[in-house]
Amino acid sequence: MDCREVQKKLSAFADGVITAGERKQIMMHLKKCKGCKRALADLKKTIRYVQRLEEVEPPAWFVQRVMARVRDKAEKKQGIWQRFFLPLHIKVPLEAIALICMVVGAVYIFKSMEPEIRLAKIPTETRESAPPAAAVPQKEKPADVGKKRHAPVTGRERSRFEKKYQVDEERSVKVAQTPTAQVERKEAAPATGYADYDTLKRDVGSSLQEEQPQGTMALKAKEGPLVVRVRDLTAARTRVEEIARQMGGQTSTTTPGKDKAVITIVLDRDKVYDFLTQLRLVGEVRDKGWQGEQGKGSVTLTVEVKKLSGDQSD
Amino acid sequence: MRGTKQSGDEDLAFVALCQEGDADAFEHLVRRHQKRMLNIAYRVIGNYDEACEIAQDAFVAAYKNIAGFQRKAKFSTWLYAICINLARNRRKRLTTRHFREGRSLDDPIATPDGEMAVDPPASEPTPLERLEARDIRHHVQGCINTLDVDFKEVLVLRDIQGFSYEEISAMLKVPAGTVKSRLFRAREGMKDCLKKVMGEL
């Protein structure tokens, strides 16, 4: 046994955990080898140093604290919650899976509902967006106009404006003069009957402007007959023909349908107004217009007499 | 051998009560083993507060798993094995932290009464000083701290706690031969370290 082998076993030798044969061999070697003897002495010293380390005392609170934690755990163990709910190492993954399922489910539901949401959104969006769009011109336009109107007027511009205003005034004076002239002209020729027609035309024009949908005498319309709606077709037809004949007109009647009669009347121009007035007494005259020829002495009117049905809109 | 060696039978009566859910019975076991648990942890980890934490955790873990204790080994062996494992894990975490933080040779070494400055081996022989017992203990703990955890464990369990090779083998779950060889290397390391630190044994 050489020194290296001996020194390797000195640790076990010191503890006495070595076979009797090895023990004998080492003892023999140590007697001869000073180096190994010193190594054994150092080892024993080292062990003694380590063994001499003092023991530390546990703190006074040690047992209490341990038992507090133990009892806390024991209560939890016996607690109903512990039995109801799974331990954390199972619970946490389960909760994670549940969360994932919820998220996936929510996304799926949202996706399946998305088209409906989009459809449901459209009206609200238009409803919401429309008023501002309409409001913008209402609000802004007057403001703009107002601005333009109330724009500061410089001296030069004012003089120009005044000039223009003067010119405008002159023009309006001229315009104002023309009707008087016309009136004078009318008064100059009262017997011709033109004046009446002109007045009628002017009246119709004004009424057209004022109440367009109900303008009963749409004489300006170039085409379409005068439509008279009545309850009794035959009586009305006879009446219209009678009126026309009383006024010295000529009539010719056709009956294209069961509920309709077309009367073509050739009438003196000055009698048209009276005729229309009379016609309004017969039935409801609609402004489909009339076919009039502005000949010398007579006008051709086409009067369509229609029987009133339940539906009046035709 | 140091400390009071517990006979397995005494412990087992309380263990049986604990297994039936009697927490008070566990208190007896804590009182009986607290000092040894703390000292094992303390010598392995080298820090008193850390050792207290480890010992507490070890007792709580033991109570939690007491149902799994099968009477193959002594209760104390089983209990100290838990403590050794926790200390090892804590030690690993601490060394990883030290490794991450970077460690200098001049960094102080943790000792029972605080930290001790490392005294690197001088090229010239240090003048002989009369070291007080307290200083020697600091050096010894400092040297234990320098050992690898495998060697440290066997050294603490054998030379400080006085466990037999068989008990240590059971606690660490390594063969007795491994305990022997580890102990040899641990003692050699200690010897070299103490020689360097103190100049002479």
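Per residue of B:189-198, count partner chain C-beta atoms within 10 Å of its C-beta, then hand back the mean as an integer. Write out the running numbers ahead of the final one.
Values: counts 1, 6, 8, 2, 1, 5, 3, 0, 0, 1.
Per-residue shielding by partner chains comes out at 3.
Whole-Hz Karplus values for segment B:60-75 come out as 5, 5, 5, 4, 4, 9, 5, 5, x, 6, 9, 6, 6, 10, 5, 4 Hz, taken residue by residue from phi with 6.51 cos²θ - 1.76 cosθ + 1.60 and θ = phi - 60°; glycine and proline positions read x.
Pairs from the table (A:LYS37/B:LYS35; A:LYS31/B:LYS180; A:LYS73/B:LYS74) lying more than 30 angstrom apart at Cα are A:LYS37/B:LYS35. Taking θ as phi - 60° and the Karplus parameters 6.51, -1.76 and 1.60, the scalar couplings of segment A:279-286 work out to 4, 5, 6, 6, x, 7, 8, 9 Hz in sequence order, x denoting glycine and proline. Distance between the C-alpha centres of segment B:29-43 and segment A:1-70: 22 Å, rounded to the whole angstrom. Measure up A:LYS8/A:LYS44; A:LYS24/B:LYS196; A:LYS44/B:LYS72 against 23 Å on the Cα-Cα distance and list the ones that go over. Beyond 23 Å between Cα atoms: A:LYS24/B:LYS196; A:LYS44/B:LYS72.
Could you work out the mean count of beta carbons from other protein chains within 10 Å of each residue's beta carbon in A:13-20? Per-residue shielding by partner chains comes out at 2.
I need the peptides A:298-307, B:191-200 ranked by packing, meaning the mean over residues of other C-beta atoms within 10 angstrom, with the highest value on top.
Numbers: A:298-307: 21.1, B:191-200: 17.8.
In decreasing order of mean packing, A:298-307, B:191-200 become A:298-307, B:191-200.
Across peptide A:40-47, the mean count of Cβ atoms from other chains lying within 10 Å of each residue's own Cβ comes to 6. Remark on A:ASP268: its backbone amide H falls under 5 Å from those of A:VAL299, a criterion applied only to residues 5 or more positions apart or on other chains, H modelled at 1.01 Å from N.
Amide H contacts under 5 Å for A:GLU304: A:LEU226, A:VAL227, A:VAL228, A:ILE263, restricted to partners 5 or more places along the chain or on a different chain, H placed in the peptide plane at 1.01 Å from N.
Values quoted throughout were computed directly from the atomic coordinates according to the rules given, and no laboratory measurement underlies them. Computed from a predicted structure; not experimentally measured. FYI the Cβ positions are ideal-geometry reconstructions off the backbone, even for glycines, and counts take in every protein chain you see.
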